[in-house]
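Student: Mind having a look at this structure? Questions to follow.
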Amino acid sequence: MATCTGCSLLCEDIEAELSGGKLSKVKNLCRKGHGHFQSAFSERTVPMIDGKKVDLDQAIARAAEILRSAKSPLLFGWSNSTLEAQNVGISLAEKLDATIDDTSSFCQGILMERILSGSIPTCTLDDVRNYADVSIFWGADPSSSHPRHLSRFSYYPRGDKRQKSYEEERTCMVVDVRMSATATLCKDYLFRVPPGGDAEFIEAILSVLEGKIPRLGDKKKMIELGGLLKKAEWGAIFPGLGMIYSLQDNMEVFERLIARLNEITTFKVIPMAGHFNMRGFNELLREKTGYINRVSFEGGAASHGPENSVVAAAKTCDAALVIGSDPLSSLPFGTARALARLPLIAIDPRRSLTTDAAGVVIPAAISGLEAGGTAVRMDGVKIKFEPIIKADLPADEQILSRIMEAI
Amino acid sequence: MVGAMEIYMLLPKTNCKKCGLPTCMAFAVGLLGREKKIDECTPLIEEKKYEAKLKKLREVIAPLENASETGLIIHPEKCFGCGNCVVACPVNVAADPTHCGVGLGPESDKVILKVEDGVVVSNNLQECRRFGPNKILCNACTATCPSKAIEFV
């Protein structure tokens, strides 16, 4: 059995058959995971310095040299690395007095902070499968982003207390700006909100729960939603990036909604983390420094703030190490340009815009496929996995340890 | 997916009974159920004025040729591999309750649907509720598909 690292569900029931070092047949892997595994056989990186092929030792030595001479380096990425690699990465940041940030900084960070500090109640996905009778996908489309979410945990499987499952006992709702693939499965319970309208939608739910008539939206539908929420025995809410970006710093509205719902019945929240080990990094950094991301070790002590986010730090740092991420493709142009102008070190198994722009490229083994380790699923469950293919490439953890030794 | 009415519109609509059925509409339903073949409608084949209709009908019917014994058509290019159908299929759950029943990939060989190489594939169709003359029109797999990758004729 293999573990898929294509998304943060970390499916452990993958059966892979190998022939001649390649995957010949893979069972139970969704299309996204299949693409993730198959990409191991194309567009792989090679060790490079300034566009020229070198050997691995030279690339690592050059990376160490860049980081050693930098005054305020930025270490970014981490969400696609194992806990072991993240652990070395945080030690490296401490040693370098560097700024460290991960993709949650512009992703689920705002919500994850509240989940990890306990101000919003959470549970595991196995609890959802066993007990939940209402699952709400809010600004998320798991059919596209986490294809097996509905079939493994939140809607279709039979759980301890939910033997009749989706046929009778479970209700799935979607709050989204459009008719997403997931919403087609529960058309009756699609609640459409205008872009940026989530806070008002929450206010409307709160007033319905108080027994008032909501000011906004389809009043009949809102009253029906209020009734469904009140009747729920055990609900789970899965907020995606749609909700996070819409609420931004207004997250206390959502906190208020969850508190109110928990006065009536039980409602838990699991953020739909994207990368396979984003939550792992957040938990690890929180354990070590008290903050989940955006930490600077400048001056020896850990400090936290928006100035340490990748978006801000890209413009103030003087060198950057990017691991398992492609910020040049995913971040705004200003940030991407600032990063591209820096002495950039990219550790990545595959070619991306970031590796193309990087001065030093270090190839790594793909976690889950060529390298083992531990990762944290989106609900906080630690999952250990072994590699299924033998590769000569070093894992992230080994590369980082060697860089650290060389500094 | 093509419907009986669409097929009927492409037939001669003369109710000549040469195919052995009382009406052209009955023949259209027969074509859809794959109990009849286009060649059995002799006027459509022989008479020149129906040439355009015959060509269109062959195009419309073509996807039905790929359907399995139960009328199941899988479009692999649309499939997400999410496994909703695998977990929802009542026959799958009965055949492998400890895996399919709780959302995991099936381990039993008796299941109808399973996900391989990122897309759904079908096996053991004789176990399907839609198999044979006394079929039940179960739609657990098509109703749970987010991308309409599975269809029944």
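Student: Let me check I've understood the local charge: for A:Ala2, count other residues with C-beta under 13 angstrom from its C-beta, Lys and Arg +1, Asp and Glu -1. What total comes out?
Tutor: -3
Student: What is the average number of partner chain Cβ atoms found within 10 Å of a Cβ in A:30-37?
Tutor: So the per-residue partner count for this stretch is 5.
Student: Can I ask one more? Calculated FRET efficiency, A:Ala259 and A:Glu12, Cβ-Cβ r, R0 35 Å, to nearest 0.05?
Tutor: 0.55
Student: Roughly what % of DSSP beta bridges within the protein assembly as shown run antiparallel, to the nearest 5?
Tutor: That works out to approximately 45 percent antiparallel.
Student: If you don't mind, there's one more thing I want to ask. Show which lysines lie in cross-link reach of A:Lys230 when reach means a straight Cα distance below 25 angstrom and same-chain residues fewer than eight apart are skipped.
Tutor: Of all the lysines, those that pass the test against A:Lys230 - Cα under 25 Å, at least 8 places apart if same chain - are A:Lys161, A:Lys164, A:Lys187, A:Lys212, A:Lys219, A:Lys220, A:Lys221, A:Lys268.
Student: Moving on to the next point. Of the listed peptides A:298-304, A:65-71, A:355-361, what is their order by residue-averaged count of other C-beta atoms within 10 Å, with the highest listed first?
Tutor: A:355-361, A:65-71, A:298-304
Student: Using DSSP to call loops (not H, G, I, E or B), can you name the trypsin sites (Lys or Arg not before Pro) in region A:371-404 whose Cβ has at most 11 other Cβ atoms within 10 angstrom?
Tutor: A:Lys390
Student: Hey, can you rank A:266-277, B:128-139 by average C-beta count inside 10 Å, highest first?
Tutor: A:266-277, B:128-139
Student: Continuing with this model, one more query. Note down the net charge around A:Ile389, summing +1 for each Lys or Arg and -1 for each Asp or Glu among other residues with Cβ under 10 Å from its Cβ.
Tutor: +1
Student: Using the alpha-carbon atoms, what tilt in degrees (0 to 90, nearest 10) does helix A:198-209 show relative to the longest principal axis of chain A?
Tutor: 30 degrees
Student: Measure nothing fancy, just the Cα-based angle from helix A:83-96's long axis to the longest principal axis of chain A, in degrees from 0 to 90, nearest 10.
Tutor: Its long axis makes an angle of about 60 degrees.
Student: Moving on to the next point. In peptide A:143-154, how many Cβ atoms from other protein chains are near each Cβ within 10 Å, on average?
Tutor: The per-residue average across the peptide is 6.
Student: Would you mind counting up the charge near A:Gly159? Only other residues with Cβ under 12 Å from its Cβ, with Lys and Arg at +1 and Asp and Glu at -1.
Tutor: +2
Student: To the nearest 10 degrees, how steeply does helix A:278-289 sit against the main Cα axis of chain A, on a 0 to 90 scale?
Tutor: Once rounded, the angle reads 70 degrees.
Student: Could you work out the mean count of beta carbons from other protein chains within 10 Å of each residue's beta carbon in B:114-121?
Tutor: Other-chain Cβ atoms within 10 Å of each residue's Cβ, averaged: 6.
Student: Over region B:4-65, what is the relative contact order in percent, taking alpha-carbon pairs closer than 8 angstrom and at least six residues apart?
Tutor: For region B:4-65, the relative contact order is 32 percent.
Values in this text are rule-based calculations from the coordinates and carry no lab data. Everything quoted here is computed from the prediction, not taken from an experiment. Here Cβ is always computed from backbone atoms with ideal geometry, including for glycine, and neighbour counts include all displayed protein chains.
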